[in-house]
Every structure is written in structure tokens, then in C-alpha cells.
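Notes follow the structure.
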Amino acid sequence: MDLEKISEIKIKLGSFEAMTWNQIFVEAKKQNHSVNIDLLSKKAQKRLKEINLIDIDQLWSLRLSGKERVWGILDRGVFNL
């Protein structure tokens, strides 16, 4: 990833900071939503095992643009990429 793309991601993630979880995951549920781990590809599930995150039930997807997404874990109101 080049610096321009990283800057774009930073700006988009910054825009989420002004929103509530309700705005992000309820009002915009078509763009941002949770995905149960068992519905992820086998490759993604394998990667979660490799990084010792096999005990989580779901990941959360935030739409950046088009098909671009960031994935994370929502834990006690904190979104961890």
C-alpha cells in the first residue's frame, strides 16, 4: 500500500469517529456490518487461527469505497482493526 492509499484510509476512518455505532452499523448496515466467522472463507478462518483470534464469533466490516473494506473486532465499544 502506498502513502496516498494509507492517507485515504485514515481520512475515511476519521469520518467514522464523528458517528455513533447506531449510525455506522444500523443506519448504514448495507455498507457496514458484522460477519459470523463460520461464513468467512476458509483462507480467512485459517488466518484468524494463525493470529490467535479463533475465539471470536464475528468480525465487523467497514466499507471504505466500492469493494474496499477494513475488518475488525468490536470490543466494548472499541473497534480494533
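The values are calculated or read from the model by the stated rules, or taken from the named source; none is laboratory data. Just so it is clear, the model here is predicted, and its values are computed rather than measured. Positions of Cβ are generated from backbone atoms using ideal geometry, with glycine treated the same way; all protein chains shown enter the neighbour counts.
Within this structure, residue 56 passes the test of being outside any helix (DSSP H, G or I) and either of a type in the set (Asp, Glu) or in contact (Cβ under 8 Å) with a residue 12 or more places away in the chain (or both).
Checked against (1) among the basic types (Lys, Arg); (2) surrounded by 12 or more Cβ atoms within 10 Å (Cβ to Cβ); (3) without any contact (Cβ under 8 Å) to a residue 40 or more places away in the chain, residue 29 passes all but condition (2).
Taken over the stretch 66-81, the criterion of being outside any strand (DSSP E or B) and within 17 Å of residue 13 (Cα to Cα) is satisfied by 66, 67, 77, 81. Kindly evaluate residue 63 against the criterion of being closer than 21 Å to residue 8 by Cβ and among the charged types (D, E, K, R). Against the criterion (closer than 21 Å to residue 8 by Cβ and among the charged types (D, E, K, R)), residue 63 qualifies.
Return yes when residue 63 is of a type in the set (Lys, Arg) and either in contact (Cβ under 8 Å) with a residue 12 or more places away in the chain or in contact with a Phe, Trp or Tyr (Cβ under 9 Å, 6 or more places away or on another chain) (or both) and no when it is not. In short, yes. Scanning the stretch 36-81 for residues that are out of contact with any Lys or Arg (no Cβ under 9 Å at 6 or more places or on another chain), small (Gly, Ala, Ser) and closer than 20 Å to residue 22 by Cα yields 72, 77. Please go through the stretch 13-72 and give me each residue that is of a type in the set (Lys, Arg) and within 23 Å of residue 1 (Cβ to Cβ), ordered by number. If the condition is that a residue be of a type in the set (Lys, Arg) and within 23 Å of residue 1 (Cβ to Cβ), then 43, 46, 47, 63, 67, 69 are the ones that fit.
Restricting 1, 19 to residues that are among the aliphatic types (A, V, I, L, M) and loosely packed, with under 10 Cβ neighbours inside 10 Å narrows the list to 1. Exactly one residue out of 76, 47, 69 is exposed (fewer than 10 other Cβ atoms within 10 Å of the Cβ) and modelled with pLDDT under 95, and it is 76.
Count of the stretch 1-46 residues, restricted to those that are of a type in the set (Asp, Glu) and assigned to a helix (DSSP H, G or I), is 4.
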